[in-house]
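Remarks on the structure that follows.
The values are calculated or read from the model by the stated rules, or taken from the named source; none is laboratory data. Not measured: the values here are computed from a predicted model. Note: ideal-geometry Cβ built from the backbone for every residue, glycine included; neighbour counts use all protein chains shown.
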Amino acid sequence: MSLLTSTSAYSGGHMGDKDHTMPSKDVVETAISAGNFETLAAALSAAGLVETLKSEGPFTVFAPTDEAFAMLPAGTVEMLLMPANKQKLIDILTYHVVAGDVKAADVIKLSSAETLNGQTVSIKILDGKVFINNATVTATDIESTNGIIHVIDTVLIPE
């Protein structure tokens with residue numbers, strides 16, 4: 001899928017609509033209403049990041065699906081959700097967020113982007129697909145009131 005292709009798979013009224021209807025939900029509410037980000041929502045809650053991502057922003061979120069979390073080694077998600085691992089969870093989740101409103105047309109002009117955790121993700125285009133590190137972008141430009149969501153098929157793990 002080309003990064004410039006909007007998705008209709010996540011169109012729940014405002015997400016990815018081509019009629020440019022103003023979104024009514026923030027990035028957290030938008031992800032939750034899509035129905036394929038329950039693990040991400042639980043992780044954001046456990047990390048105490050829900051309020052941060054409900055703030056003004058803008059934020060660009062590379063959102064891993066529930067399937068992406070399921071591909072992690074057995075027990076990883078449960079381990080990360082434990083209170084003792086909160087800082088590690090925060091580091092992982094903030095590695096999926098870039099400050100600013102970065103649409104697909106802007107992403108493809110970049111070779112890297114600094115995330116909220118201070119580390120950089122690489123951006124590359126190969127055979128018409130866009131990759132954030134080793135994750136394939138599967139849906140783009142899902143708009144919210146405080147940013148943009150790009151869906152990815154792999155959880156990004158910072159170094």
Q. Out of (1) at pLDDT 95 or above; (2) farther than 19 Å from ILE157 by Cβ; (3) aliphatic (A, V, I, L, M), the odd one out for ILE32 is which?
A. (1)
(Q) With the structure loaded, tell me whether ALA105 is small (Gly, Ala, Ser), more than 17 Å from GLU67 (Cα to Cα) and modelled with pLDDT of 95 or more or whether it fails that test. (A) no
Q: Note down all Cβ pairs under 7 Å where the first residue falls in region 28-49 and is without any contact (Cβ under 8 Å) to a residue 24 or more places away in the chain and more than 18 Å from MET79 (Cα to Cα), the second is part of a loop (DSSP other than H, G, I, E, B) and of a type in the set (Lys, Arg), and they're at least six residues apart or on different chains.
A: SER33/LYS25
Q: Scan region 117-132 residue by residue and report those that are under 24 Å from ALA42 (Cα atoms) and either surrounded by fewer than 19 Cβ atoms within 10 Å (Cβ to Cβ) or of a type in the set (Phe, Trp, Tyr) (or both).
A: ASN117, GLY118, GLN119
